[in-house]
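The values are calculated or read from the model by the stated rules, or taken from the named source; none is laboratory data. A quick note: this is a predicted structure, and the numbers were derived from the prediction, not measured. Because the Cβ atoms are built from the backbone with ideal geometry, glycine has one as well, and the counts that use them run over all protein chains shown. Surface accessibility is based on the protein's heavy atoms, side chains included, excluding ligands, DNA and RNA. Shrake-Rupley method; radii C 1.70, N 1.55, O 1.52, S 1.80 Å.
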2 protein chains.
Amino acid sequence: MTKHKIFLAGEWRQADSEAWFSPYNPTTGQPIEDSYPVSSWQDCEVALKAASEAFEQLKTLGENKRALFLDAYANNIEANKDALAEIAHQETGLAVVPRLSEVELSRTTMQLREAANAIRQSSWRNIVIDFANNIRSWLEPIGPVVVFGPNNFPFAFGSISGGDFAAAIAAGNPVIAKAHPSHPGTTRLFTELAQQAAVSVGLPLASIQLVYAMSPENGLKLVSDQRTAATAFTGSKKAGLALKKAAEDAGNLIYLEMSSLNPVILLKGALSESSESIADEFTASCTMAAGQLCTKPGLVFVPNSELGDIFIAQIKSRFESAPVATLLSPDSATNIAKTSREQIRLGARRLTDLSSEEGERFCNNNLLLSVEGEQFLQNVEMFQAEMFGNAALVVRYREVTQLVTIINKMEGNLTGCIYSHSQNIDESDYQLLEPLLRQKVGRILNDKMPTGVAVSPAMNHGGPFPSTGHPGFTAVGLPASIQRFAGLKCYDNVRQSRLPDLLKDTPKQEGIWRHIDGQYQQTEDSTK
Amino acid sequence: MTKHKIFLAGEWRQADSEAWFSPYNPTTGQPIEDSYPVSSWQDCEVALKAASEAFEQLKTLGENKRALFLDAYANNIEANKDALAEIAHQETGLAVVPRLSEVELSRTTMQLREAANAIRQSSWRNIVIDFANNIRSWLEPIGPVVVFGPNNFPFAFGSISGGDFAAAIAAGNPVIAKAHPSHPGTTRLFTELAQQAAVSVGLPLASIQLVYAMSPENGLKLVSDQRTAATAFTGSKKAGLALKKAAEDAGNLIYLEMSSLNPVILLKGALSESSESIADEFTASCTMAAGQLCTKPGLVFVPNSELGDIFIAQIKSRFESAPVATLLSPDSATNIAKTSREQIRLGARRLTDLSSEEGERFCNNNLLLSVEGEQFLQNVEMFQAEMFGNAALVVRYREVTQLVTIINKMEGNLTGCIYSHSQNIDESDYQLLEPLLRQKVGRILNDKMPTGVAVSPAMNHGGPFPSTGHPGFTAVGLPASIQRFAGLKCYDNVRQSRLPDLLKDTPKQEGIWRHIDGQYQQTEDSTK
C-alpha cells in the first residue's frame, strides 16, 4: 500500500501524520490500495508559514505570472485528462464519459482560463477614480486562502482545481487546499499538474499547497488562524457551520456553500401543457450523478388535483425506471435512509420501492416521497432536511395561497424554479409567488431545472443563509467569485509615481474598464 | 421632565419601557431635562413586524419613491438646520459653527442626495447580462436593517440620518434605527423630519423606525432575529464584537466599524523638509472635535533622532496650547485616563501635563505619550489600545527596519499615512514600508492626515479586522456602501415580460450602466 506525501512549502514531503486513511471505490465498495495521511497541526503550521511567505512573493511578481500559471495548468489538465478521469472514476464512481472527461473537465479548464482572463482584464479589481479629490480605490489580494473542496465535483469544485481555487489565485492569494478525503488521489494528481505549471512559469511553489485531511479541531484552528485571510468551504451544513463559527469568531472571512433544496414549483397550466416533458426533466435533474449536486431539485410542489396526480404517477414510474447511479459514499445512502425514515414518521408517503441490493456498489434506489402541504407546514424543519442524493420530496399544495404560506416558511436556497404555462394562464399565480420565492433564493429560473450551473459572469451560485454564508457573493461566475477573496484598498493623495499602474491618470495597460467620476471608461494605449 | 415616545410602526407611541434615561450636556456636565425610554423586547418585536411589512410594501413601490424620500428628507434637514445644530450641540458639546450646522450638516444632506442619485442611476445594482446563456443578475434589497449609530457624528453617521441609513434605504430596505443614547433628542428631531418626508412622498412609514435604547441582551436578540437581514454598527470594539458574534451565529449579516489607531509614519526627509507644518496638521487632526473621530491619528511614528526630537517638541507645545475641546461623555475621559495609565506603567512617557480642572465640562487636556520602538514591540497589544479622544502615542523608531517589524505586528486599521520628502530622499524607505502598511489598512495616504473622510465613490472607510468586520466593504462612498445591504439575485431563463426593466433586452430607462457580455454599456432611450 503506497503511503502518499503531502505538498507543502514547495515540495512533496512526509506528513506529520496523526493517522492514515484510504478512499473507497464506490463502484466496488472496496477500499483503494493507497494510504493518505491525516495531518497534524504541525503540517498546518508549515503550510501557513509557507503560504504567508508565498503571499509576500506574489505581491512583488507581475500579475501576468498568475495568468500564465492558470493557463499552463489548464493545458496540463487537458493533456492528462484520461488519467484524471480514470482516478476520479475509481474514487467517486462518476462516469468517465461524458461526466468526468468531458463535461466536468472542460468546465474546470474553462474556469481556470477565465480566471486567467480576469487577471489580464483586471475585471475583478473594481477600479474607481475620483480625480477631483485625488482618491482612487480598487480590490487587492488579502492573504492565504484555505479551500475545502466537496465530494461531488472532484474537478470543477476540487480544492486545488475548482472555482474557489481559481478565484483565490486570480486575486493574488496563495491557496492551502484541503482535499476531500473521498478523492485524495484525484487531488494529488491535480496538485502534481499544478506544481508542474507553477515550475514552468516561475510561480512561487508555496502558492499551492495540499493536505489531505486533518482532525476537526485542527480544521477549526486552521480557519481561525491569524495568518489565514479567508476560507472557502463547500460541503455539509454541519461542518460548514462549525467552520463558520470558528472563522468569524476570530474575525476571519469565510465563504460557505452548504445545503439547498432548490424548490421547483409546478403551476397548473404548466402541467396541463407539458406534464411529460417536465417529468422527464425533473427525473433527469434528480437522478443524474445520483442527485449529488448542490442544485438538485429536492423539493417539488405539485397541485393537489387530477393533473398533479398524473404528474406524480409520471415521475414515480420514471424514478423507478431511471438508472440508479452510484453514490459517492456509503454515508450518502445512510443519510438519505435516515432522513426519509424521519419524514415518513411525520406523515410522508414513500412513492418508490425500497432499496434493492446490488452487490457492494454504493447506491440507493431513486427515492420519491410525497407529503401534503398541510403536513409540510406542520414540520417545516424536518421536511426541509436535505437528502443529498437521488431522492426528492413531492409536496402537494391545495391552492396557490398555501404555497404563499409555505414559501414564507422556507429556508434560504441556491435556486428556485417556477414552471408555468407558455401563455398567460398561470401569470397571476406567478406574479404572486415570484417575489416571495426570489427573496428565498439566489437564482430564480423559469421552465428549467436548476442543475447544470452555467459558468457565466451573470451566474449566481449563491443564496441566502443557510444555503451560503453571505447573500451578496457567488461561488461560480467571474469576476464576482474572485471578489470574495479581495479587500478594498484606497489611495488618498498618493503620488502618481507610487500608484499601481491602473490607478494612475494614464495607465500603460490599455483596454481596462475603470469607473471614473461616475462613468465607465476603458484605458487607452498610452504609448500611441 | 418630558417623557419621549418612540417612532414605531408608523406612529409615535409610548415605549414599553424597562427604564428611562436622560442624556447629558457635555458643556455643563449636567443632565438634560428630557427622558427617553429603554425599550423592552416587546418594542423590538413590534419594530421587526412592522419593518417586515414595510419591506413587502417597498418591494412593490417604484424605486423613485425612495429617491424622492431621500431628497425631501435632505431638504427638511436643511430647512431645520438651526434646530438640529442647537439640540446636537446641547447633547454632544460639538460646536454649532462650523462643525454641526455647516460641515456635518452639509455632509449629511449630500450623502442622502447621493443615495437618491444612486437609486436613480441604479449604480449600486451591478447589472450583469449574459445574452448567450439568457442569464442576468443584479443586486436586490435583503430586508430590515438595524442601524446602531455612534456617539461622535450625530448627523453624518446618525442612526436615522447618516451613511448607513442612506445606504440601507437606497437599497430598498427598511431601517430600524437604534439611537445613540448620548444624543437621543437629535435623533428624535431627525426622525420627525424623516417622518414628514415619508408622509409627503408616500413612503411606507414603517420604513423608518426609532428606538432610543435597549438592554444589551435585547440588542443581541435584535441583530440575530430571523427577520433582521443585516445590521450596521459603528462604535466600540467590545460592543461591536458582541453584536458580531450574535448576528453571525444566527447567519445574519453585520457590518461593523469598530476601532482604529490610524498610524502616521513620518520619514526623516519629511521632517527635514516640513516638520512645522506636519506638526500643525497632526495637532489639528488629533485635537479637532477632541479627537473623537474614527480616523484620528492615534499613533505617530517618529525617527529616534535630532529631527524627531524637534518634531516631538513641536507637537508637545502645540498639544499644550491647542484648545481643549469638549468630550462627548465622561466615559471618554475615564477610558483615556485608564489606557494612558496602563501604557505609562508599561514604559510610556507622558509628554503633556496632567488634566486640569475646568469646571463641570467633559474634557481632558490634549494628551501626548511617547514610547520607544522596542517598548512598543514588547507590548504590542496594550500600545495598540485605542484612546478615543484627544490623545496620541508617539513611537520613536530606531531605523526603518524596526518599523517593518512594528507594522507586521499591527492590527487592522482604517487608514495609514506616510509623510515623505517631496523629492526622492525617502523613496526607498517608502517602497519598503508601503506594501506592509497597505496590507494593514483600508486607505493609504501620502502627506496628508486621515481625518476628513471625503464622501467619494472612490473612498474606502473600511479596513481589515478589527477596524471593521469585512475588508471588502466601505461605510462611506456610494455606491459601494449600498452594496453591503444587498443580495445577489440571478434570473436564469426568465421570460422577458417578467424581468425587472433594467434586466430586459431593451429597458425603458436610459443612461444606466450595464455589464453585457464583458463590456460596460449604457442603456439607450428605447422610446426614441
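Things worth noting here:
- Most to least accessible of B:Leu271, B:Leu241 (protein chains only, probe 1.4 Å): B:Leu241, B:Leu271
- Taking a straight Cα-Cα cut-off under 21 Å and skipping sequence neighbours fewer than 8 places away in the same chain, the lysines within cross-link reach of A:Lys59 are A:Lys49, A:Lys489, A:Lys504, A:Lys508, B:Lys409, B:Lys440.
- Basic side chains Lys and Arg get +1 at the Cβ, acidic Asp and Glu get -1 at the Cβ, and with that the dipole of chain A about its Cα centre reaches some 980 debye.
- For chain A, with all protein chains in place and a probe radius of 1.4 Å, 52% of the accessible heavy-atom surface sits on carbon or sulfur.
- Convex hull volume per residue in cubic angstrom - Cα atoms of chain A: 160 Å³
- Going from the isolated chain to the complete set of protein chains, region A:479-496 loses at least 20 Å² of heavy-atom accessible area (1.4 Å probe) at A:Leu488, A:Lys489, A:Cys490, A:Tyr491, A:Asp492, A:Asn493, A:Val494, A:Arg495.
- Taking every protein chain into account, the 1.4 Å probe leaves B:Glu276 with about 100 Å² of accessible area, to the nearest ten.
- For the pair A and B, total buried accessible area rounded to nearest 100 Å², probe 1.4 Å: 5700 Å²
- Where labels lie 7 Å past Cα in the beta-carbon direction, separation of A:Ala95 and A:Asn133 in nm: 5.7 nm
- Farthest toward the positive end of the dipole of chain B, out of B:Ala166, B:Ile32, B:Val455, is the Cα of B:Ala166, where the dipole comes from beta carbon charges about the Cα centre.
- Compared with its chain on its own, region A:231-256 contains the following residues whose accessible area drops by 30 Å² or more in the full protein assembly (probe 1.4 Å; ligands, DNA and RNA excluded): A:Lys244, A:Lys245, A:Glu248, A:Asp249, A:Gly251, A:Leu253.
- Given a 1.4 Å probe and the protein chains as shown, A:Ser182 ends up with an accessible area of around 20 Å².
- Of the GluC sites (Glu not before Pro) in region A:317-398, the ones in a loop by DSSP (not H, G, I, E or B) with at most 15 other beta carbons within 10 Å are A:Glu357, A:Glu381.
- When chain A is described by a simple charge dipole with +1 on each Lys and Arg Cβ and -1 on each Asp and Glu Cβ, the residue from A:Pro471, A:Ala325, A:Val441 located farthest towards its positive end is A:Pro471.
- Each Lys or Arg adds one and each Asp or Glu subtracts one; over the other residues with Cβ under 14 Å from the Cβ of A:Gly462, this totals +1.
- Once the 1.4 Å probe is applied to the protein heavy atoms, chain A comes out at 34 Å² accessible per residue.
- Mean separation of Cα contacts under 8 Å (6+ apart) over length of region B:1-132, as relative contact order %: 22 percent
- Heavy-atom accessible area, probed at 1.4 angstrom with all protein chains present, ranks A:Trp20, B:Trp513, A:Trp138 as A:Trp20, B:Trp513, A:Trp138, highest first.
- A:Asp331 exposes around 100 Å² of accessible area when a 1.4 Å probe is run over every protein chain in place.
- Positive minus negative residues near A:Asn218 (Lys, Arg vs Asp, Glu; Cβ under 13 Å): -4
- Neighbours of A:Arg498 by Cβ distance under 14 Å: Lys/Arg scored +1, Asp/Glu scored -1, total -2.
- For B:506-518, mean number of other protein chain Cβ atoms within 10 Å: 2
- Summing Cβ point charges (Lys, Arg +1; Asp, Glu -1) relative to the Cα centre of region A:264-446 gives a dipole of roughly 380 debye.
- Here A:Glu53 and B:Ser497 are evaluated by their C-beta separation; at R0 = 41 Å the FRET efficiency comes out at 0.15.
- Taking every DSSP beta bridge that has both ends in the protein assembly as shown, the antiparallel portion is near 35%.
- Candidate cross-link partners of A:Lys81 among the lysines, defined by an alpha-carbon separation under 23 Å and a same-chain spacing of 8 or more, comprise A:Lys5, A:Lys178.
- The listed residues A:Met258, A:Met382, once ranked by accessible area (1.4 Å probe) with the largest placed first, stand as A:Met382, A:Met258.
- Note on A:Ser317 and A:Ser272: the model spin-label points, each 7 Å out from Cα along the C-beta direction, lie 2.3 nm apart.
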